[in-house]
Amino acid sequence: MQAILDATASQGEPIQELLVTHRKIPTLVEELIAVEMWKQKVFPVLCRLEDFKPQNTFPIYMVLHHEASIVNLLETVFFHKEVCESAEDTVLDLVDYCHRKLTILVARSGHGGSPEEEESQYSTPMKELQKQAELMEFEITLKALSVLRYITDCVDSLSLSALSRMLSTHNLPCLLVELLEHSPWSRREGGKLQQFEGGCWQTVAPSEQQKLSKLDGQVWIALYNLLLSPEARARYCLTSFAKGQLLKLRAFLTDTLLDQLPILADLQGFLAHLALTEPQPPKKDLVLEQVPEIWERLERENRGKWQAIAKHQLQHVFSPSEQDLRLQARRWAETYKLDVLEAVAPERHRCAHCSAEASKRCSRCQKEWYCCRECQVKHWVKHGKTCVLAAQGDRAK
């Protein structure tokens with residue numbers, strides 16, 4: 001929350017600095033991949049257990065939500081080049097993670113796009129949870145796209161292994177072309193164009209339909225970085241397949257797009273030259289390179305144990321007593337209550353009476369802030385009438 005508030009206010013970003021200073025980016029990447037593996041390997045087994053009939057799905061939801069929280073944080077801080085550099089060897093694992101998510105996104109776009117909420121078909125708590133997990137997965141894949149774009153911004157400082165992973169192992173330029181072709185974050189609903197933004201589908205006004213969406217922009221910038229930076233061009237093998245895929249981009253490079261993203265004129269020139277050149281044969285260089293290890297290590301350590309892990313977690317984690325559940329709910333309510341959110345905001349509120357830093361506000365109108373009860377009582381002479389009117393106005397709305 002603090003990182004997003006700082007980024008929104010364009011102020012200093014202490015969270016990003018702390019994560020780099022204390023070398024926490026590799027920890028976040030490992031946590032991200034651990035939750036991803038849990039969702040793939042343990043969650044389906046958990047759902048199939050006969051004795052798994054939770055009275056409350058809140059504890060499981062928080063695990064599912066954990067992946068979304070981490071990828072949101074990484075998207076926010078990876079804007080800064082030093083954060084990408086501080087990921088060290090785990091940038092390989094993060095590249096693989098993003099590739100897995102984008103592959104899911106491309107596959108989903110070929111089968112009807114993003115999942116929809118159909119509450120009538122998902123009546124039981126577990127079925128509703130599974131549907132929520134599916135909807136959340138769509139949003140996570142879009143965040144992974146942004147993270148990948150920020151990694152490509154650092155292509156000049158990435159290791160040869162990371163470049164090879166993006167360009168040779170996963171052939172990310174061709175995958176990004178497929179994303180532009182399918183545009184899974186856009187759809188037609190009732191004859192109207194809709195785009196997924198801010199966590200929901202929004203109808204695009206006819207006058208705005210030629211405007212480049214944020215997600216399309218991320219794809220174009222990632223392609224620009226991967227195809228035109230000297231380091232990447234030296235490593236990318238333009239085979240006949242890659243050439244055919246990349247030349248599809250020419251149809252999208254309209255004057256309207258170039259006006260909005262002028263740097264793509266260089267990409268247009270690159271494609272014009274590519275059309276006239278012969279494709280390269282696949283490279284067969286034998287090179288020694290690093291490989292991502294987090295996924296492989298977690299899978300190796302837990303292979304054959306998924307059923308046992310699911311049963312253990314059912315008994316010790318996901319079947320809390322009513323008292324434990326209340327404590328968890330209270331903790332989250334206190335974390336996300338409005339006063340806490342306001343407290344971490346960059347601008348601190350001031351007492352309406354003495355101008356000191358304020359942490360309490362009028363419970364009736366929620367407009368005025370105070371440092372203590374005494375100041376609120378003293379200010380009531382001035383605030384009383386406006387407070388009543390404001391509260392009445394809110395009730396009328």
Helix axis angle, 25-41 relative to the chain longest principal axis, alpha carbon, degrees: 90
Label-point separation, residue 24 to residue 134 (7 Å along Cα→Cβ), nm: 3.5
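Which whole-number value in Å² is the accessible area per residue of segment 86-230, probe 1.4 Å? Don't skip to the end; give the middle numbers.
On the way: 6170 Å² over 145 residues.
On a per-residue basis, 43 Å².
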Among 312, 182, 383: highest mean-square fluctuation, GNM of the chain, C-alpha pairs under 10 Å: 383
Filtered trypsin sites (Lys or Arg not before Pro), segment 286-337: DSSP coil and at most 14 other beta carbons within 10 Å: 303, 305, 337
Gain on full stretching of the segment that runs from residue 359 to residue 252 - 0.36 nm per residue minus C-alpha separation: 33.3 nm
Cβ-derived FRET efficiency at R0 30 Å, residue 240 paired with residue 290, nearest 0.05: 0.55
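Which trypsin sites (Lys or Arg not before Pro) does segment 152-261 hold that lie in a coil by DSSP with at most 15 other beta carbons within 10 Å? Intermediate results must be reported in sequence, preceding the final value.
Details: sites: 165, 187, 188, 192, 211, 214, 233, 235, 243, 248, 250; in loops: 211.
Taking segment 152-261 and a limit of 15 other Cβ atoms within 10 Å, the loop trypsin sites (Lys or Arg not before Pro) found are 211.
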Spacing of the two label points (7 Å from each Cα toward its C-beta) at residue 324 and residue 261, in nm: 4.8
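Provide, as a two-decimal number, the C-alpha radius of gyration of the chain over 2.2 N^0.38 Å, N being how many residues it has.
Values: Rg = 25.2 Å, N = 397, 2.2 N^0.38 = 21.4 Å.
Normalised Cα radius of gyration, the chain: 1.18.
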Selected from 226, 163, 18 as most flexible by GNM, with the chain as the system and alpha-carbon contacts under 10 Å: 18
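Among DSSP beta bridges whose residues both lie in the chain, state the antiparallel percentage, nearest 5.
100
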Degrees between helix 125-152 axis and first principal axis of the chain (Cα, 0 to 90, nearest 10): 60
Helix axis angle, 58-77 relative to the chain longest principal axis, alpha carbon, degrees: 60
Stretch gain in nm, segment residue 381-residue 159, where the contour uses 0.36 nm per residue and the Cα spacing is subtracted: 73.3 nm
Choice from 324, 216, 89 with maximal GNM fluctuation in the chain (Cα, 10 Å cutoff): 324
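So what's the back-of-envelope 222 nm ellipticity for the chain, counting only DSSP H runs of four-plus at -39500 (n - 2.57) apiece and dividing by all residues, rounded to 500? Please report the intermediate quantities before stating the final value.
Details: 20 runs with 242 residues, N = 397.
For the chain, the value works out to -19000 deg cm²/dmol.
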Straight-distance crosslink candidates among lysines, where the alpha carbon sits under 17 Å from residue 382 and sequence neighbours closer than 8 are dropped: 367
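Place a +1 charge on the Cβ of each Lys and Arg in the chain and a -1 charge on the Cβ of each Asp and Glu, then give the dipole magnitude about the Cα centre in debye, rounded to the nearest 20.
Details: 48 positive and 53 negative charges, 234 e Å.
About 1120 debye.
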Extreme residue, positive dipole direction of the chain, given options 105, 194, 174 (C-beta unit charges): 194
Gained length - residue 299 relative to residue 373, 0.36 nm times residue gap less alpha-carbon distance: 21.0 nm
Whichever lysines have a C-alpha closer than 20 Å to that of residue 192, once near sequence neighbours (fewer than 8 apart) are set aside: 211, 214
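With the full set of protein chains in place, find how many percent of the accessible area of the chain is carbon and sulfur; take the probe as 1.4 Å. Let's see the in-between values first.
Numbers: 11470 of 22280 Å².
Summing carbon and sulfur atoms, their accessible area is 51 percent of the total for the chain.
The values are calculated or read from the model by the stated rules, or taken from the named source; none is laboratory data. Just so we're clear, the structure is a prediction, and the values are computed from it rather than from any experiment. Methodologically, a virtual Cβ is constructed for each residue, glycine included, from the backbone with ideal geometry; neighbour enumeration extends over all protein chains shown. Protein only, heavy atoms only, side chains kept; ligands, DNA and RNA dropped before computing areas. Shrake-Rupley method; radii C 1.70, N 1.55, O 1.52, S 1.80 Å.
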